Amino acid sequence: EDQVTQSPEALRLQEGESSSLNCSYTVSGLRGLFWYRQDPGKGPEFLFTLYSAGEEKEKERLKATLTKKESFLHITAPKPEDSATYLCAVSGGYQKVTFGTGTKLQVIP
Amino acid sequence: DGGITQSPKYLFRKEGQNVTLSCEQNLNHDAMYWYRQDPGQGLRLIYYSQIVNDFQKGDIAEGYSVSREKKESFPLTVTSAQKNPTAFYLCASSVEGPQAHQPQHFGDGTRLSIL
């Protein structure tokens with residue numbers, strides 16, 4: 001069975017303080033790893049898909065990277081509007097997408 | 001703008017009552033999904049459909065039912081057999097089914113509570 005573990009569960013940063021969120025996974029044949037952002041009371045918003053180890057994707061202050069066992073979401077110089085829960089998910093060989101429980105990020109002005 | 005519309009945003013269920021959650025998409029996606037989100041847990045798959053008039057059970061299908069009569073619509077019924085229905089329900093769609101590598105796109109959810 002595919003598994004996704006995200007850490008930390010919660011992260012509090014000062015505005016401008018860069019950090020990384022971790023997504024560790026075990027999957028039978030990775031087809032894709034997805035990052036989402038979820039605001040309170042809203043549905044997840046798609047950010048990135050990574051397909052193979054070594055791949056990187058960037059969007060504004062966010063950069064996602066992928067190895068054979070984990071993915072990192074790097075946040076550079078975060079702003080308060082980056083506060084949200086970030087979800088990681090994998091699509092593997094069991095024809096389903098498995099989601100992690102998320103990292104709740106709070107960026108303080 | 002293309003997207004997924006879920007309604008209502010809030011829904012209350014009485015004991016013994018069935019309720020139906022609406023999901024409509026105009027993205028021309030073939031696959032649609034229903035998830036349940038509870039605090040501290042990852043999204044759990046209830047049902048999914050890869051094509052009109054066909055759907056498959058997910059990990060927690062008991063107490064739920066779906067239909068897929070149109071490509072654009074995938075309503076979820078929470079039946080009285082679902083004893084713990086209080087949760088945030090999310091509908092999603094993707095170009096192809098879960099065996100492909102495209103991301104799923106989500107609506108803004110329906111929060112269901114017990115009266």
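The values are calculated or read from the model by the stated rules, or taken from the named source; none is laboratory data. Note that the structure is predicted; figures quoted are calculated from it, not measured. Every residue, glycine as well, gets a Cβ built from its backbone with ideal geometry; the counts of neighbours run over all protein chains shown. Areas reflect the complete protein model, heavy atoms only, side chains present, ligands, DNA and RNA absent. Shrake-Rupley method; radii C 1.70, N 1.55, O 1.52, S 1.80 Å.
Qualifying GluC sites (Glu not before Pro) in region B:37-98, where qualification requires a DSSP coil assignment and no more than 15 other C-beta atoms within 10 Å, comprise B:Glu62, B:Glu69, B:Glu96. Taking B:His29, B:His101 and ordering them by how much accessible surface each has at a 1.4 Å probe, largest first, produces B:His101, B:His29. Structure remark: mean-square fluctuation, Gaussian network model of chain B, C-alpha springs under 10 Å; the largest value among B:Phe74, B:Phe55, B:Phe12 belongs to B:Phe12. Here the protein assembly as shown is treated with +1 on each Lys and Arg Cβ and -1 on each Asp and Glu Cβ, and its dipole about the Cα centre works out to around 380 debye.
Assuming R0 = 35 Å, can you tell me the calculated FRET efficiency for the pair A:Gln106 and B:Lys70, based on Cβ-Cβ distance, to the nearest 0.05? Don't skip to the answer; put the middle values down first.
Details: r = 41 Å, r/R0 = 1.18.
So, using R0 = 35 Å, E works out to roughly 0.25.
Summing both sides, how much accessible area is buried between A and B? Use a 1.4 Å probe and give Å² to the nearest 100.
Details: alone 6210 and 6360 Å², together 10880 Å².
That pair hides around 1700 Å² of surface in total.
Apolar share of the accessible surface for chain A: 46 percent from carbon plus sulfur atoms, 1.4 Å probe. When the Cα positions of A:Cys23, A:Tyr94, A:Leu66 are compared along the charge dipole of chain A, A:Tyr94 comes out farthest toward the positive end, with charges on each C-beta of Lys, Arg, Asp and Glu. Charge dipole (Cα centre; +1 on Lys/Arg Cβ, -1 on Asp/Glu Cβ; no other charges) of chain A amounts to roughly 160 debye. Sorting A:Lys42, A:Lys63 by solvent-accessible area of protein heavy atoms yields A:Lys42, A:Lys63, largest first, with a 1.4 Å probe. On the beta carbon distance between B:Leu27 and A:Lys79, with R0 = 30 Å, the FRET formula returns roughly 0.50. Counting only residues at least eight positions apart within a chain, or on another chain, the lysines with an alpha carbon under 18 Å from that of A:Lys59 are A:Lys79.
The mean count of C-beta atoms from other chains within 10 Å of the C-beta of residues in A:39-48, rounded to a whole number, is 5. Distance between the C-alpha centres of region B:2-49 and region B:55-98: 6 Å, rounded to the whole angstrom.
Counting only DSSP beta bridges with both residues in chain B, the antiparallel share comes to about 90 percent. Sequence-ordered 3J(HN,Hα) estimates for region B:95-102 from the Karplus curve with 6.51, -1.76 and 1.60 and θ = phi - 60° stand at 4, 10, x, x, 7, 8, 10, 7 Hz, glycine and proline given as x. Of the residues B:Lys83, A:Lys104, ranked by 1.4 Å probe accessible area with the largest first, the sequence reads B:Lys83, A:Lys104.
Could you tell me which of the pairs B:Lys57/B:Lys83; A:Lys63/A:Lys104; B:Lys14/B:Lys71 are separated by over 20 angstrom between their Cα atoms in the structure shown?
Details: B:Lys57/B:Lys83 18 Å; A:Lys63/A:Lys104 17 Å; B:Lys14/B:Lys71 31 Å.
Distance filter (> 20 Å) returns B:Lys14/B:Lys71.
Magnitude of the charge dipole for chain B, about its Cα centre and with charges confined to Cβ atoms of Lys, Arg (+1) and Asp, Glu (-1), is about 400 debye. In order along region A:46-56, phi translates into HN-Hα couplings of 5, 10, 9, 10, 10, 10, 8, 4, x, 6, 9 Hz, rounded to whole numbers, per the Karplus curve 6.51 cos²θ - 1.76 cosθ + 1.60 with θ = phi - 60° and x for Gly and Pro. As a rough guide to protection, the peptides A:70-80, A:4-14 ranked by mean Cβ packing within 10 Å, highest first, stand as A:70-80, A:4-14. Just want the answer: with Cβ charges of +1 for Lys and Arg and -1 for Asp and Glu, which residue in B:Tyr47, B:Ala87, B:Tyr33 is farthest toward the dipole's positive end in chain B? Checking the options against the dipole of chain B, the answer is B:Ala87.
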